[in-house]
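Each remark here refers to the structure printed beneath this line.
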Amino acid sequence: MLSDIEAVKRMLDSGKKLVLAGEESLLRRVPKGQWIGGTIPYFMSETGGITTRDRMYVDEIPASATDVRIGIYDTSSIHGIATATPDNGYSILIIPAFSPLHEKYALEALSFDNMFLRVVAGWISGIHLDDLGKASPLVFDGLTGQAMSDQGVAMHIGLPSGLQAQLGVVNIFEPGAGDEIEFGASGFSTTQCIINGTHRGFVDYINEKKLDTRLPLVANYMGTHVNVSIQSLDGGIAKFYAPVFEGVKYHWAKPVGSYPEHFSNAIPAGVTKPVFSCNCILNYLYGELENRKTGRLTGPMTFGEIGYQLLNQTLVYVSVANV
Amino acid sequence: MVPSALHPTWARLIRGEIDHKFSVTGAGLLFFSLKQQFMKEPKGLPQQIDTARQFFEKYESILTDDMKKLF
């Protein structure tokens, strides 16, 4: 839920453990305690999409949690993020956008030890788009109050037996029926691609086909659709918000009509009150979600989503189920 | 009950020989990752199968439909 600074202080005073999302100036005013945070001013609230510099989004750690720890990660330690996650529990990881850690996580997360045997979710912190070039995305360790632009912060949460954390992804995009697109190297940018087996310039291909770059490339990972969003096309170079991977077959996404309607319909019926959810700033912008609701899941609209790996234009949630 | 590591479906899934669409997000990502690992290091197949089995044991309750189709 969205809360002002005084409400956040009261929650911390009452012993609650929190994951916060909000503007840097707000997060700097939060007292030291059991919280982590990341910068972002865009949210999906109970009343619809909202941009605010005055309130923070608050996820409370379930009172049933048996163990809550905060960990700081850099490029040399991030490979241990899943191993540090309780076997029965979950982690919320926040990484600053544009940092070397963001790039490393995007490229290597799937190969980290124990990655799929633990639940690792989270998001990429960002800034107000008006502040591009003037401010840096940050994450906060509430225990020390330290703000970091080059390290990630995680809250590791243990759950009692009988409860299980489950990670879910809602992707409203599907691969279109057009060309099969591959890339000769993994990375956040490219000049070349392979279209139906033939090498050619990727930007030329996009321009020739008049493709809508608000739609992502979509790969099918055995039933899980994974998006890669286009950041820019400039001077023959295409930049992405998440890396493309060598050897993976992509298709341009089918056009989407109403984003709110698609999200509402795609959220599984049994998911009512997840302990965490986030969605993508690109969905907020391209889907014109300001003042519009996307169903019952709320949270920050981020510069990237973490559902095991880095995701784009996707809603990620963690629910706690009885087992 | 999760089949033993000797069941041939595990290896076929990891080698990409079965075109299955998992109903659980993590399973799709896991097998994509395992296939990538297998292509780099085929000798690691037993370890990759072990990882897949651990995932199925942990999330058996939400993978029952997939298990019925696969095994």
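The values are calculated or read from the model by the stated rules, or taken from the named source; none is laboratory data. These figures come from a predicted structure and were not determined experimentally. FYI the Cβ positions are ideal-geometry reconstructions off the backbone, even for glycines, and counts take in every protein chain you see. For accessibility, only protein heavy atoms count, side chains too; no ligands or nucleic acids. Shrake-Rupley method; radii C 1.70, N 1.55, O 1.52, S 1.80 Å.
Overview of results
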read-out: B:G28 being of a type outside the set (K, R), facing chain A (nearest Cβ under 7 Å), open to solvent by less than 30 Å² (accessible area, probe 1.4 Å) and free of Cβ contacts under 8 Å to residues at least 12 places away in the same chain; value: yes
read-out: Residue satisfying all of: in the range A:91-115; within 12 Å of chain B (Cβ to nearest Cβ) and buried (at least 19 other Cβ atoms within 10 Å of the Cβ); nearest to A:V139 (Cα to Cα) among these; value: A:A109
read-out: The range A:223-247, residues that are of a type outside the set (S, T, N, Q) and crowded, with 19+ Cβ neighbours inside 10 Å; value: A:H225, A:V226, A:V228, A:I230, A:A238, A:F240, A:Y241, A:A242, A:P243, A:V244, A:F245
read-out: Those residues of the range A:220-241 which are in a strand (DSSP E or B) and either among the charged types (D, E, K, R) or closer than 14 Å to A:V169 by Cα (or both), in sequence order; value: A:N220, A:Y221, A:T224, A:H225, A:V226, A:N227, A:D234, A:K239
read-out: Residue check, B:Q37 within 9 Å of another protein chain (Cβ to nearest Cβ), under 26 Å from A:N88 (Cα atoms) and in a helix (DSSP H, G or I); value: yes
read-out: Hits in the range A:188-219 (condition: part of a loop (DSSP other than H, G, I, E, B) and open to solvent by 50 Å² or more (accessible area, probe 1.4 Å)); value: A:T191, A:N196, A:G197, A:K210, A:D212, A:R214
read-out: Count - residues of the range A:116-135 that are surrounded by 18 or more Cβ atoms within 10 Å (Cβ to Cβ) and over 28 Å from B:G26 (Cβ atoms); value: 1
